[in-house]
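Below is one structure, written out as structure tokens; comments come after it.
The values are calculated or read from the model by the stated rules, or taken from the named source; none is laboratory data. No experiment lies behind these values; they were computed from the predicted model shown. Methodologically, a virtual Cβ is constructed for each residue, glycine included, from the backbone with ideal geometry; neighbour enumeration extends over all protein chains shown. Ligands, DNA and RNA are stripped out before the accessible areas are found, and what is left, the full protein with its side chains, is counted by its heavy atoms. Shrake-Rupley method; radii C 1.70, N 1.55, O 1.52, S 1.80 Å.
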Amino acid sequence: MSTASESLVGSSRSLSAAKRHKSVRMNSRRIYSAYQNHNQSSSDEEDKVDERVDSDDPEEMFQNIQYQKEIIANIRTRPWPMRRKLKVLKHAREIVLKYEGRLTRTRGYQTAGADMLKKMSRVLYNIVVVFIPWEVRIKKIESHFGSGVASYFIFLRWLFGINIVLTIMTGAFIVLPELLAGAPFGTTRSKTIPKEHLHSAQDLDTIWSLGGYLQYSVLFYGYYGSVRKIGSAGYRLPLAYFLVGMAVFAYSFIILLRKMAKNSRLSLASASDENFTFCWRVFCAWDYLIGNPEAAESKGAAIVNNIREAIVEEQEKKKDTSLAVLISLRLLANILVLMSLAGSIYIIYFVVDRSQKLEQEKPELTLWEKNEVSVVVSLITMIAPSAFELVAQLEMYHPRTSLRFQLARVLVLYLGNLYSLIIALLDKVNSMSSTIPVSPVNWSDTRSYLATITQPAASTLSTLVSEISHRNIATIATMLDVTNRSKGSSETSSNQSTHIEKNTRSQQDQCWETYVGQEMLKLSIIDMIFTVASILLIDFIRGLVVRYLSDCCCWDLESKFPEYGEFKIAENVLHLIYNQGMIWMGAFFSPCLPAFNVLKLIGLMYLRSWAVLTCNVPHQQVFKASRSNNFYLAMLLFMLFLCMLPTIFAIVRYRPSQHCGPFSGQEKIYDIISETVANDFPLWFSKVMSYITSPVVVLPALLLLFMLIYYLQAIARSLKFTNNQLMMQLQTAHCIPWRPKRFLSL
């Protein structure tokens, strides 16, 4: 019984399998016959189209040409083999090119003109690309090292464009009007080198410390005159100086925000690294811009390392280990970093304070004493990031997390250096601006007075006091001291006269704006020298040692110490941000500082690119440039904001120098705006400006601005949430198996 039942079950299974096989064959024949009928019908339609096109009816010819254009536009959606698609596409293009011109000459001319415009636009685009600065050089670096290293040079070129615009602004509206229509050199006190400094004005140490003729030139704030209108056209130089100084910050803010918005619009929505980790690394990690075998090997090794890191991360998520030692090491590393930051700030403040004391105690300073502040700041800027990198090895973070900590620490270091320097400089500015201004003294009367006091019989102390009762009170003590010593000889009295004149002249010629501009320009020059020295000594000589002494050593110099230097993208980009921060901080006090930065960036572009192509190797931890551009721009925006604050504080807080600069004689620098509105505009305009700047208008405007910002942030959050939802839907749709609609219908 059991055998019979088993035979019946087996026969039923064979019958069902035969029926299933028969139905599959019938369905396949039906699909194939439908496909053949579709091909035959399409070929018949093409033959009919050819017959219609050969007809002379313009309307029918126009309709058929439109049909061929639709075929060309939708050829990808046709369920045909590739050979048939290519054949139909070629045939349709031939028909369009052959018969389109027959309709009207105007239509043919329009088509030919459109094709010619497309070709010309393509040729012009290629010509424009040739004239883009350093485009070929950057493409070469990109092909050897990938897009990550090339992002540094693209960022440098973008900063170069910003500084070109800033140079044009300051040169066209400040420097050139002063050179063309201002008072020439030597005609005013702010444009004349003192006699006691004239003999050393051309010495090397004086020029190196930006003194002498450089100090009394258009490089610095003190050279520009305070005349309200210069030249025959009545150009208002003080007003232009203030407005251009504020326009430098405004333009920088606008161009930075526009660039960040453009990057946000162009950035594609990408999946998070936590989703489909191994799929992204296996199928999407390759950089197709690499064209060099060595760079390809390095990239392949980097992908393998990333896959290993992902495996380790997945394993680490499942581990429960004791974190006591790890936490203690990280606390120790952070304490070391904080101590180094505090030490660098203290060293800078100490050096600036020491230089101020030396200036007061010694009449002549040595070359080191004149430049020690800039040298110390540049040394700290160059050495501290490497020390931070050594300390980061104690923390045992993931390389990506370690890179973020390194970026944050280096940025804090640069900001601390700049702020400690500017606070120390503002401390000296406070001491310089708080000195009692000396009223003008008639030096001919003083000389005659000092000549008469050499005769003791002619005057007594009481008559001397009565003579100087109407003179400056600040010089009474000095003159009494000269009187007590006047009984010696006439030579002593003449020396004291010279000393009085020198001291009074030095007090009158104090120009704290020029001093701040000198320090910022000096710091930028020293930073450029240390950058060039580090490239030549660390990268070039290190590369020569590894390349030519590798056979002479008992270990492989290329894979072990010292090995070839890696191009550190993050630290080099932060150095560019730090350099640009120095320019923004000192541009108001040294109008030619952006022009110097243009030359510096040109030299840095050629030197860095040469060093990268000859001395460096790609970093193993390669990251995509598209994900870091806005991060770098955000740090640059943060640096711009922090560098603008000291300049605004100095403008609002301190009184301008009384004997130099375009704002001499003003109580505050910004008083030039109110003075211009009161003197050069009608009365109703000044009333309108007073109403606009009153708290009744300013406070509601600020409140409205805050409400608008909150509203836009709410819209941005909602759009971000919608974007995340759409991304999740796309990920869910990718998981659904795809089947053609034609087969579903069958």
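Would you check which residues across the range 650-662 are hydrophobic (A, V, I, L, M, F, W, C), under 31 Å from the mean Cα position of the chain (by Cα) and part of a loop (DSSP other than H, G, I, E, B) and list them?
None - no residue of the range 650-662 is hydrophobic (A, V, I, L, M, F, W, C), under 31 Å from the mean Cα position of the chain (by Cα) and part of a loop (DSSP other than H, G, I, E, B), so the list stays empty.
Going through the range 516-569 one residue at a time, which ones are farther than 19 Å from Tyr606 by Cα, out of contact with any Gly (no Cβ under 9 Å at 6 or more places or on another chain) and in contact (Cβ under 8 Å) with a residue 60 or more places away in the chain?
Listed by number, the list holds a single entry, Lys522.
Counting just the residues of the range 135-148 that are of a type in the set (A, V, I, L, M, F, W, C) and over 10 Å from Leu613 (Cα atoms), which one comes out modelled with the lowest pLDDT?
Val136
Which of (1) at pLDDT below 80; (2) in a helix (DSSP H, G or I) is the odd one out, the single condition Ile436 does not satisfy?
Condition not satisfied by Ile436: (2).
Would you mind telling me which numbered condition in (1) part of a helix (DSSP H, G or I); (2) farther than 12 Å from Tyr99 by Cβ; (3) modelled with pLDDT of 80 or more Gln68 fails?
Tallying (1) part of a helix (DSSP H, G or I); (2) farther than 12 Å from Tyr99 by Cβ; (3) modelled with pLDDT of 80 or more, Gln68 fails exactly one: (2).
Checking the condition closer than 16 Å to Asn616 by Cα, open to solvent by less than 70 Å² (accessible area, probe 1.4 Å), modelled with pLDDT of 85 or more and in a helix (DSSP H, G or I), which residue from Ile583, Ile541, Ile535, Ile525 passes?
Result: Ile535 is the single residue among Ile583, Ile541, Ile535, Ile525 that is closer than 16 Å to Asn616 by Cα, open to solvent by less than 70 Å² (accessible area, probe 1.4 Å), modelled with pLDDT of 85 or more and in a helix (DSSP H, G or I).
Please indicate, with yes or no, whether at least one residue in the range 559-574 is closer than 16 Å to Leu613 by Cα, in a helix (DSSP H, G or I) and touching a strand residue (DSSP E or B) at 6+ places or on another chain (Cβ under 6 Å).
The answer is no; no qualifying residue exists.
Residues of the range 140-162 being surrounded by fewer than 18 Cβ atoms within 10 Å (Cβ to Cβ) and of a type in the set (S, T, N, Q), which ones?
Hit for the range 140-162 is Ser143, nothing else.
How many residues, within the range 608-631, are at pLDDT 85 or above, under 15 Å from Ala570 (Cα atoms) and open to solvent by 60 Å² or more (accessible area, probe 1.4 Å)?
Of the residues in the range 608-631, 0 are at pLDDT 85 or above, under 15 Å from Ala570 (Cα atoms) and open to solvent by 60 Å² or more (accessible area, probe 1.4 Å).
Which of the residues belonging to the range 668-704 are of a type in the set (A, V, I, L, M, F, W, C), closer than 25 Å to Ile651 by Cα, under 33 Å from the mean Cα position of the chain (by Cα) and part of a helix (DSSP H, G or I)?
Ile672, Ile673, Val698, Ala701, Leu702, listed by residue number.
State whether the residues of the range 118-134 include one that is closer than 12 Å to Val612 by Cβ and open to solvent by less than 100 Å² (accessible area, probe 1.4 Å).
No, the range 118-134 has no match at all.
Could you go through the range 632-640 and let me know if any residue there is at pLDDT below 85, in contact with a helix residue (DSSP H, G or I) (Cβ under 8 Å, 6 or more places away or on another chain) and either more than 16 Å from Phe249 (Cα to Cα) or surrounded by fewer than 18 Cβ atoms within 10 Å (Cβ to Cβ) (or both).
Yes, the range 632-640 contains a residue that is at pLDDT below 85, in contact with a helix residue (DSSP H, G or I) (Cβ under 8 Å, 6 or more places away or on another chain) and either more than 16 Å from Phe249 (Cα to Cα) or surrounded by fewer than 18 Cβ atoms within 10 Å (Cβ to Cβ) (or both).
So Thr187 ticks every box in (1) more than 20 Å from Met520 (Cβ to Cβ); (2) surrounded by 19 or more Cβ atoms within 10 Å (Cβ to Cβ); (3) at pLDDT below 85 but one. Which box is left unticked?
Unmet for Thr187, out of (1) more than 20 Å from Met520 (Cβ to Cβ); (2) surrounded by 19 or more Cβ atoms within 10 Å (Cβ to Cβ); (3) at pLDDT below 85: (2).
Counting just the residues of the range 251-267 that are over 14 Å from Leu637 (Cα atoms) and open to solvent by 50 Å² or more (accessible area, probe 1.4 Å), which one comes out modelled with the highest pLDDT?
Lys262
Have a look at Ser226, Ser217, Ser200 and point out the one that is farther than 26 Å from Asp671 by Cβ, in a loop (DSSP other than H, G, I, E, B), open to solvent by 20 Å² or more (accessible area, probe 1.4 Å) and at pLDDT 85 or above.
Answer to the selection: Ser217.
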